[in-house]
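First the structure, in the form of structure tokens, and then the observations on it.
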Amino acid sequence: MKIEMRTVGDVRILDCSGKITLGEGTMAVRNTVRDILKDNGKKILLNLANVNYIDSSGIGELVSTYTTVTNNGGQLKLLNLTKKINELLQITKLLTVFQVFDSESAAIASFS
Amino acid sequence: MIRLANEIEVIISSALDNLDLIQTLTDCITNFMSFDEDSAHWIGMSVRESVTNAIQHGNKLDLSKTVDIRFEVMPDRLSISVKDQGNGFKADDIPNPLDAENLLKPSGRGIFYIRTFMDEVEFRSLSQGGMEVYMVKKVSSN
């Protein structure tokens, strides 16, 4: 699991790649988002285009991160879901929770 | 009718580091059986979720306890059994992750995914203690 952060305006974009599974992968997301919140970042966009594997713990981490960010007065949105992540979110009704985008520019614009 | 089956059994300690080993083995078996890419992925995920539950919730990460994973390769199906040495649980007591009050819970989706992606799933209490998850994916349901 690897996360690279970019900033566009006041939006922090996290380019995630690899696996988000129980343990290292889920901790990477959690720690990175925690650091952004500490730095007073409020607008976070998770780019999942290059996440090639996610398990139920990874999905749970997305949910947990969403809750943490929201409770801190921020917004967390998802960008570029893979077909499999989309399916996992859909069958557990989580597409009704997350705002999901296929276009980075549209996602960034939605924060303003 | 003659039904030939190949059985592969692996016994691992209750270390989460073993998940990738089991995932790799599962991928090899589904590739050998020529499951399509999507089915192979979901079988692999179902096995991973079952073994994760066995290690984490069943054996509670106790390295002295083992998880027994058995694959039965048949012409028309792949059956997989995952046994732990824990205290067991009642599958029907697991909250439905689709209920509104559970939607934002960080856990509780693994068994739901297994039931969604496999053709048959049974949860069996073992007489010697522990729990077995038995699941089947039919080749024809690719």
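Label positions at residue A:106 and residue A:84, each projected 7 Å from the Cα along the C-beta direction, are separated by 2.5 nm. Between residue A:10 and residue B:115, the modelled label-to-label distance comes to 4.4 nm, taking each label 7 Å out from Cα in the direction of the beta carbon. Distance between the pseudo-spin-label points of residue B:31 and residue A:50 (7 Å out from Cα toward the beta carbon): 2.3 nm. Panel order for B:140, B:34, by other beta carbons found within 10 Å of each beta carbon, from fewest to most: B:140, B:34. Judged by the ratio a/c of the largest to the smallest principal axis of the C-alpha gyration tensor, chain A counts as rounded, that ratio being less than 1.5.
Going down the table (A:19/B:105; A:38/B:65; A:77/B:138; B:105/B:137; A:84/B:138), which pairs top 31 Å between alpha carbons? From A:19/B:105; A:38/B:65; A:77/B:138; B:105/B:137; A:84/B:138, over 31 Å: A:38/B:65; A:77/B:138. Computed from phi, the 3J(HN,Hα) profile of segment B:112-127 under the Karplus parametrisation 6.51, -1.76, 1.60 (θ = phi - 60°) reads 4, 5, 4, 5, 6, 8, 9, 7, 9, 9, 10, 10, 10, 7, 8, 5 Hz, with x in place of Gly and Pro.
If the segment from residue B:16 to residue B:138 were pulled out straight at 0.36 nm per residue, it would be longer than the present Cα-Cα gap by 41.1 nm. Neighbour counting of Cβ atoms within 10 Å sorts the residues A:37, A:94, fewest neighbours leading, into A:37, A:94.
All of the numbers you see were taken from the coordinates with simple rules; none came from a lab. Computed from a prediction, not measured in an experiment: that's the story for all the values here. Because the Cβ atoms are built from the backbone with ideal geometry, glycine has one as well, and the counts that use them run over all protein chains shown.
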